[in-house]
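The values are calculated or read from the model by the stated rules, or taken from the named source; none is laboratory data. All values derive from a computational prediction rather than experimental measurement. Side chains are part of the model used for accessible areas, which takes the heavy atoms of the whole protein and leaves out ligands, DNA and RNA. Shrake-Rupley method; radii C 1.70, N 1.55, O 1.52, S 1.80 Å.
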Amino acid sequence: MAEINPQLDRQRVLIVEDEAVIAMELAELLRECGLEVVGSAASGELAIAEALDKRPDLVMMDIMIKGPMDGIEAATRIRAKLDVPVVFLTAYGDPATLERAKRVAPYGYLLKPYRPDALRATVGVALYKHQLERRLHESEARFHGAFDHAAIGMALVARSGRFLQVNRAMSKLFGWSAEELLASNLAALARAEDRELDQSLFAKLDAGDRPSAQLERVFMHRNGDAVWMQMSASVVRDHEHRPAYYVVQLQDIHARKIAEERLHYLAHFDPLTGLENRASLHSRLEQAMSLAQRNRRHLAVVFADLDGFKLINDSYGHRTGDALLRQVGERLKRTLRAEDLIARIGGDEFVVVISDAASDEVIGVVARKIIDALSRPYLVEGREVVVTASLGIGIYPSDGENCAQLLRNADSAMYHSKELGKNRFCFYNENLTRRAVERVTLETALRQALPRGEFRLVYQPIIENGQPLSAEALLRWDHPERGAIAPDVFIPIAEETHLLPAIGDWVLRSACAQLRRWRDEGMYLQRVAVNVSFQHLVGPGFSGVVEAALDESGLDGASLEIEITESSAMQDPERTIRVLQALRARGVLVSIDDFGTGYSSLSHLARLPLNRVKIDRSFVRDLPSGAAAAAVVGAIAALGRTLALNVVAEGVENAEQAAFLDGEKINEMQGFHFSKPLSPQALSAFVRGAASRRPGAARAA
């Protein structure tokens, strides 16, 4: 389209932008256009003060600025005190915000990031439009001078629609010469479907219903392109006050209209998957519920959450995660009917609304189709990945009479599916609400537990050749109202809510600090063992936290042992190996916990930089009489010797088990047979008592 090239020299501009880098870049672009930047403000209050002080010719106002006053309100206040044009800066916003912005009557919108040509055009249009508005009240001679040099398209149009006079910008807008336009008429440039609208507008001007009118509509460029323009028209009357001709102004707003369409899309659709978003879901679900109520029918809401998505996202990065989500969206669209509503409401959560739900059996068939479709392997960026889905189903009206309640109950059913083992679906029932409320209450309290100091560590001694030479740190939560919360209750919640890394940092530092205190008090342990989740192990900064814990306590690496479960180690073996190798380079010891319960590959296990394997208590429990357990324990002991690893037996409850393990040459054990988990003071007493009972014992310095 034709370029608008206004005279910008010496125009004074005030920038209102709370991002300093963006403000500086914008200022540089404006100066390159010949404009003078007289100031920059980062808030609405400062913008008002700067405008009143500097009296700029133009204000470039970011809509979304920090502080109690956004750019729209600041612009409103400035325009109430100064006759100064405002161009809004935006990186897209919600429809309600744009509607508010329109009421300020801005002189343009500029989309981020800024293109120099768009900036020059927008600023030129805004400045010139403002000048033109003031000059319209001046003499006709001055009007004609401005007319010829206007940066926006202008024309004098006869009542028949024939062009009487056009300016150069008008020719540029349409690609026709002035002579060609003067031989034509306004209707010839319009789409056929818009011509009646134009006639109606001019009829209202003739009747005196309004002094001027403005509308946004599509005109046709000479090359065949349909271009959005803003048309302003006013009627000029003769000395008898009869309509004589029209003054028409045309401005290319195609980029803004495309941006508005994009904003509308973003307001209703998820940009990643193209599915409807949360806002659109609520609106359309309410409509579907109203229709179902009128027709006395049921509808189903299926809440789907991907199992294992976070691991893929953490392991391979957000790019892979986003690509996987797009494929999930495509599979949902292929699996469901065109009339079924599919929405992505955030992260790895999807909602499907099935209208006319004939029966639970029919909905169950659909749910199974969804699970089967989503559980098939995905090829993402050259690698095969697998996720499954847990589904929760709520039926209207039995499971909720409004949108929020129905979604909440379907969400509760989805969490129940996860509790039952994932990769399945569950229908909502009232008991799930109670459990969901309890879980949310516990989750809320858990988020405050660390800052409120509600966690503590206890220590279970590990017996080596009959002596307590090390201990395992175990986390406990003392809820201020409910008392002690079992680890198997709060640890899964901490993992789901991504609180484990922060809690794990505290455990590492506290355990190392406690070992330092024991040694300073004259009670010596070789090391303290700390359990670490996979989420914590592969998270950002884990090695740094370990380093800090050792440095703060003045311990060497061999004083700390990191325990990871066998299943955690196998989630992403290559990544796990890299992290553990970094720990071993620091001297930190590494052990595999719950060994024998996972499905680890021996080739991967041999590559892990381990010091110990810990036999899971489920095998020790059946010793010595259980033949299968005895065989597994013997095999693990032999494997440990082959790989030059120390072997520790957990959950030793009685002397018979201890004797059997000793016979298998397993010299490291822990369990209630020796001691329950103890407070730091009680463990100190336990270790000192054991040392005093050892014949000829001498404490290591």
Next on the checklist: Straight-line reach from LYS676: which lysines fall under 18 Å, measuring Cα to Cα and dropping same-chain residues less than 8 apart?
Outcome noted: LYS614
Checklist outcome for this item: antiparallel share of DSSP beta bridges within the chain, to nearest 5, in %, is 60
Checklist entry - Ordering THR576, THR335 by how much accessible area each has at a 1.4 Å probe, largest first, what is the list? => result THR335, THR576
Next on the checklist: Counting only helical runs of four or more DSSP H residues, what would the 222 nm mean residue ellipticity of the chain come to if each run contributes -39,500 (n - 2.57) and the total is spread over all its residues?
Outcome noted: -14500 deg cm²/dmol
Next on the checklist: Students often get this wrong, so check it: of LYS102/LYS129; LYS257/LYS333; LYS54/LYS112; LYS333/LYS418; LYS333/LYS422; LYS333/LYS369, which have C-alpha atoms separated by over 19 Å?
Outcome noted: LYS257/LYS333; LYS54/LYS112; LYS333/LYS418; LYS333/LYS422
Checklist outcome for this item: In Å², rounded to a whole number, the accessible area per residue of segment 249-391 with probe 1.4 Å is 47
Checklist entry - What is the distance in Å between the Cα centres of segment 609-647 and segment 71-111? => result 71
Checklist entry - Which value, in Å², gives the accessible area per residue of segment 481-609 when a 1.4 Å probe is used on the protein heavy atoms? => result 41
Checklist entry - How about LYS204: which aspartates and glutamates have a C-alpha closer than 15 Å to its C-alpha, ignoring those fewer than 8 places off in the same chain? => result GLU196
Checklist outcome for this item: Whole-Hz Karplus couplings 3J(HN,Hα) for segment 489-506, θ = phi - 60° and coefficients 6.51, -1.76, 1.60, Gly and Pro as x, run 8, 8, 5, x, 5, 4, 6, 5, 8, 6, 8, 4, x, 5, 5, x, 4, 4
Checklist entry - Rounded, prolate or oblate: which one fits segment 417-502, using the alpha carbon gyration tensor with axes a ≥ b ≥ c (rounded when a/c is under 1.5, else prolate when a/b beats b/c, else oblate)? => result prolate
Checklist outcome for this item: Under the rule rounded for a/c under 1.5, else prolate if a/b exceeds b/c, else oblate, using alpha carbon gyration tensor axes a ≥ b ≥ c, segment 49-128 is classed as oblate
Checklist entry - Rg and Dmax of segment 154-224, using alpha carbons, in Å: what are they? => result 12.4, 37
Checklist outcome for this item: Note, segment 350-367: 3J(HN,Hα) by Karplus (6.51, -1.76, 1.60, θ = phi - 60°), whole Hz, Gly/Pro = x, goes 10, 10, 10, 10, 10, 6, 6, 6, 5, 6, 4, 5, 5, 5, x, 5, 5, 4
Next on the checklist: Output wanted: per-residue J couplings in Hz (rounded whole) for segment 287-298, from phi through Karplus 6.51 cos²θ - 1.76 cosθ + 1.60, θ = phi - 60°, x for Gly and Pro.
Outcome noted: 5, 5, 5, 5, 5, 5, 5, 5, 8, 6, 10, 9
Next on the checklist: What value in Å³ per residue do you get for the convex hull of the alpha-carbon atoms in the chain?
Outcome noted: 231
Checklist entry - Amide H to amide H, which residues 5 or more places from ILE65 or on other chains are under 5 Å from it, using H placed in the peptide plane? => result GLY71
Checklist entry - When the accessible area of the chain is split by element with a 1.4 Å probe, what percent falls to carbon and sulfur? => result 51
Item to check | Along principal axes, Cα extents of segment 515-586, largest first, whole Å | outcome: 41, 21, 18
Next on the checklist: For a distance above 19 Å, tell me the whole-number percent of Cα pairs in segment 254-404 that qualify.
Outcome noted: 56
Next on the checklist: Could you report segment 85-127's accessible area per residue, 1.4 Å probe, as an integer in Å²?
Outcome noted: 41
